[in-house]
1. Answer yes if at least one residue in the range 181-194 is part of a loop (DSSP other than H, G, I, E, B) and touching a residue at least 24 places away in the same chain (Cβ under 8 Å), and no otherwise.
2. Going by the conditions given, is S142 under 21 Å from N206 (Cβ atoms), open to solvent by 10 Å² or more (accessible area, probe 1.4 Å) and among the hydroxyl-bearing types (S, T, Y)?
3. Output the qualifying pairs, or none if there are none: Cβ atoms under 7 angstrom, residues six or more apart or on different chains, first residue in the range 148-164 and among the acidic types (D, E), second residue surrounded by 13 or more Cβ atoms within 10 Å (Cβ to Cβ) and not in a helix (DSSP H, G or I).
4. Test N86 against the stated conditions and say whether it is open to solvent by 10 Å² or more (accessible area, probe 1.4 Å) and polar (S, T, N, Q).
5. If you take the residues of the range 93-122 that are touching a helix residue (DSSP H, G or I) at 6+ places or on another chain (Cβ under 8 Å), outside any strand (DSSP E or B) and not charged (D, E, K, R), which of them is nearest to R179 (Cα to Cα)?
6. Please pick out the residue among M215, M237 that is more than 22 Å from W75 (Cβ to Cβ) and open to solvent by less than 30 Å² (accessible area, probe 1.4 Å).
7. With (1) buried (at least 20 other Cβ atoms within 10 Å of the Cβ); (2) within 29 Å of M89 (Cβ to Cβ); (3) not β-branched (V, I, T) as the list, and F202 as the residue in question, which single condition is left unmet?
8. May I ask you to list the residues in the range 159-186 that are of a type outside the set (S, T, N, Q), open to solvent by 20 Å² or more (accessible area, probe 1.4 Å) and farther than 14 Å from K136 by Cβ?
Amino acid sequence: MRKIFLFVLFTALLVAGCFNASEDEQKVIVIGLDDDFAPIGFRNERGELVGFDVDLAKEAVRRMGLKAKFKPIDWDKKREELTSGNVDMIWNGLDITDKRKEYMIFTKPYMDDRQILLVRRNDNRGFFSEDDLTGKIVGAQSGSTSEDYVNENIQLKEKFVSFRTYGKFKDALSDLQDRQIDVIICDEMVAHYEMNQNPSQFKIANVKIGEIMEMAVGFRKEDLALRDRVQKVFDEMIADGTAKEISDKWFRADLIKYSK
């Protein structure tokens, strides 16, 4: 009888342990991001994950009483990562586009975003409009709004010598430095960050590429409740000035979009 009792007790403890582990897992929210996309989300010199959206996400998840787990993903495969359940949300300089609306729902936009040109500091060729991309080797990050814009504008793309896309933005920067490409189309905030970090290497050609976009957090279509929880705490972060403080930290300016 004693052996039977001990077996039952052990089984009960094992089941209870599994239940508690499951509860703990439910307290973790997995956030997909490109961890090489400064200043939005990237690794510092100590290998720590830092960045503007990383700080926003950490604070939002903390206020929800959950734990944030950041999962680096191939940005070009964010649809698969999100819809398969590998990540719970995408929070990483994500523009709202019609293509993404096919499989995502979004928070309210929290920042405007536009695409501009990044070139070598010593490049004295004039870049004043999209037409000046004619005859150039143009680069962009795979899965980005920049790539989508080029691929949707065939007449513009046909003017390029070639169009190269990169899984990691740093690879595009490396090719630009090595003269393998002439220009990178990228987010304005990313271009400003890289120019400030490497003033002797890069400069911005202030050419408007496409329309001004809006950044938001993306979720699976069925995750309305999670989206609304994030929106609630994010609204609180805007109201109490926390979002502004994080923007000031990374951009020395309040770039938060105060949408109603």
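The values are calculated or read from the model by the stated rules, or taken from the named source; none is laboratory data. Note that this is a predicted model, so its numbers are computed, not measured. Glycine also receives a Cβ, built like all others from the backbone with ideal geometry; neighbour counts cover every protein chain displayed. We work out accessible area using only protein heavy atoms, side chains counted, and drop any ligands, DNA or RNA first. Shrake-Rupley method; radii C 1.70, N 1.55, O 1.52, S 1.80 Å.
1. So far as the range 181-194 goes, yes, one or more of its residues are part of a loop (DSSP other than H, G, I, E, B) and touching a residue at least 24 places away in the same chain (Cβ under 8 Å).
2. No, not satisfied.
3. Listed pairs, sorted by first residue: D148/T97.
4. Yes.
5. Within the range 93-122, the match that is nearest to R179 (Cα to Cα) is G93.
6. Among M215, M237, only M237 is more than 22 Å from W75 (Cβ to Cβ) and open to solvent by less than 30 Å² (accessible area, probe 1.4 Å).
7. (2)
8. Y166, G167, K168, K170, D171, D178
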